[in-house]
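Everything below concerns the one structure shown next.
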Amino acid sequence: MFVLFPFSGMEYHDPKRKSNFVGKILMAAALTAVCIIMLKQSPTFGTPSQFSRHEEGVTHVLVTGGAGYIGSHAALRLLKESYRVTIVDNLSRGNIGAVKVLQELFPEPGRLQFIYADLGDAKAVNKIFSENAFDAVIHFAAVAYVGESTLDPLKYYHNITSNTLVVLEAMAAHGVNTLIYSSTCATYGEPEKMPITEETPQASKLDFMLSYFLNFLFEANKLEDRPLSTCFQAKKMAEDIILDFSKNSDMAVMILRYFNVIGSDPEGRLGEAPRPELREHGRISGACFDAARGIMPGLKVKGTDYNTHDGTCIRDYIDVTDLVDAHVKALQKAQPSKVGIYNVGTGKGRSVKEFVEACKKATGVDIKVDYLPRRPGDYAEVFSDPTKIRRELNWTAQHTDLEESLKTAWRWQKAHRDGYGAS
């Protein structure tokens, strides 16, 4: 301690202070030594995390976007099949509630970890790869709303195309040699004939350039729908990057192009919970459920004069349970230095009118429907030919009853009226 003498301008040093100070240092040193000895005697001291080392018989899969609708269902399926799962998500579209459900279902050490990170941050992504021993990546993470992509195209190019490049570079740098890429059938643009096979030409750069010009005109005139959205262009560019890289790599690559996703976990553990501000950009099933719950006054169906059996557009609706099954089969069948490209669909198209009627039956609500003029750029029908994926991956859609898939999703919606916020 210091004792001050007033007016003298001098300090008096207490000799007891030095001995007290030295004693504290010795005590701290002794406690530190004891702690170190105890830590070293602990069986887990110096043992790396189970996620940071490869383990025989265990496949560690990084699921990007694993807090989202499809990604969380895929993580659930992987965990059920004893994969080790790391979810990376920035929660801009995903739900931490979905991650919590998975953590409660699989609390055992070394089964599941969640890392909050943005794939646009290359430094953070490389750190994740350096600290974890991944065997494969299933890349779901992407913003995916057609209308929004046209309003904010740069966001979509960054989020889809650029982020895919970051992931690919990190995989190459850290020796992760299996990639399952979640893509879309919309990269085919407007096909000349149906059904769509893997040999159907994808939209050309000229198509996308023309689309960009038309999108500009549509936006300038405040029209709602555009021929080919930025979202799909960004996906096509990401595919091109992956395919170019694979030409001189031993990486195993699977690209899955899928159709309109519906449904939810049959056991009611997970569902789709889009952010309220994005409802207007969401899926038709979400719009139907919002109308059934009174969140929206009704449905707007655009176009009743197409060359189809009832005049409305025909689309291929794939249940999310079947979709994640296709991803798992792709993971199991992936081979080094090989690229597999597959369309994931039921092979059967259903019209918008049929979808609305199925939704009415599933919800038990007589949803109000307004039929409006067709929107420019929409084409009459889109559905897949699943022959290749059935032949090569032994995959076939099992949940093909439209009404049943919608009933499953509706049960979750009714039980979770605030999404994952409340049950």
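Which value in nm describes the separation of the simple spin-label points at residue 104 and residue 293, placed 7 Å from the Cα toward the beta carbon?
1.8 nm
Leaving out ligands and nucleic acids, and using a 1.4 Å probe, what accessible area per residue does the stretch 268-374 come to in Å²?
On the way: 4700 Å² over 107 residues.
Accessible surface, normalised per residue, equals 44 Å².
Considering only protein heavy atoms and a 1.4 Å probe, what is the carbon-and-sulfur percentage of the accessible area of the stretch 258-408? Write out the running numbers ahead of the final one.
Details: 3050 of 6790 Å².
Using a 1.4 Å probe with all protein chains present, the stretch 258-408 comes out at 45 percent carbon and sulfur.
Please compute the net charge surrounding residue 115, taking Lys and Arg as +1 and Asp and Glu as -1 over other residues with Cβ under 12 Å from its Cβ.
Values: positive: 127; negative: 89, 118, 121, 131.
Combined, the nearby Lys, Arg, Asp and Glu give -3.
Work out how much length residue 158 to residue 240 would gain on full extension: take 0.36 nm times their residue separation and subtract the Cα-Cα distance, in nm to one decimal. Display every interim value, and only then the final one.
Numbers: separation 82, 0.36 × 82 = 29.52 nm, distance 1.53 nm.
Extending this stretch completely gives an extra 28.0 nm.
Just to confirm my numbers, what's the Cα centroid distance between the stretch 165-179 and the stretch 359-423 in Å?
34 Å
Residues with beta-carbon under 10 Å from that of residue 194, excluding residue 194: net charge, scoring Lys, Arg +1 and Asp, Glu -1? If you can, show how the numbers build up before the last one.
Values: positive: 193; negative: 192, 316, 381, 385.
Spelling it out: positives minus negatives among the neighbours equals -3.
As a test question: what accessible area, to the nearest 10 Å², does residue 237 have when a 1.4 Å probe is rolled over all protein chains in place?
Ignoring ligands and nucleic acids, residue 237 comes out at about 90 Å².
The values are calculated or read from the model by the stated rules, or taken from the named source; none is laboratory data. Computed from a predicted model, the values in this text were never measured in an experiment. Because the Cβ atoms are built from the backbone with ideal geometry, glycine has one as well, and the counts that use them run over all protein chains shown. The protein model used for the area step is the full one, side chains on, heavy atoms only, and it has no ligands, DNA or RNA in it. Shrake-Rupley method; radii C 1.70, N 1.55, O 1.52, S 1.80 Å.
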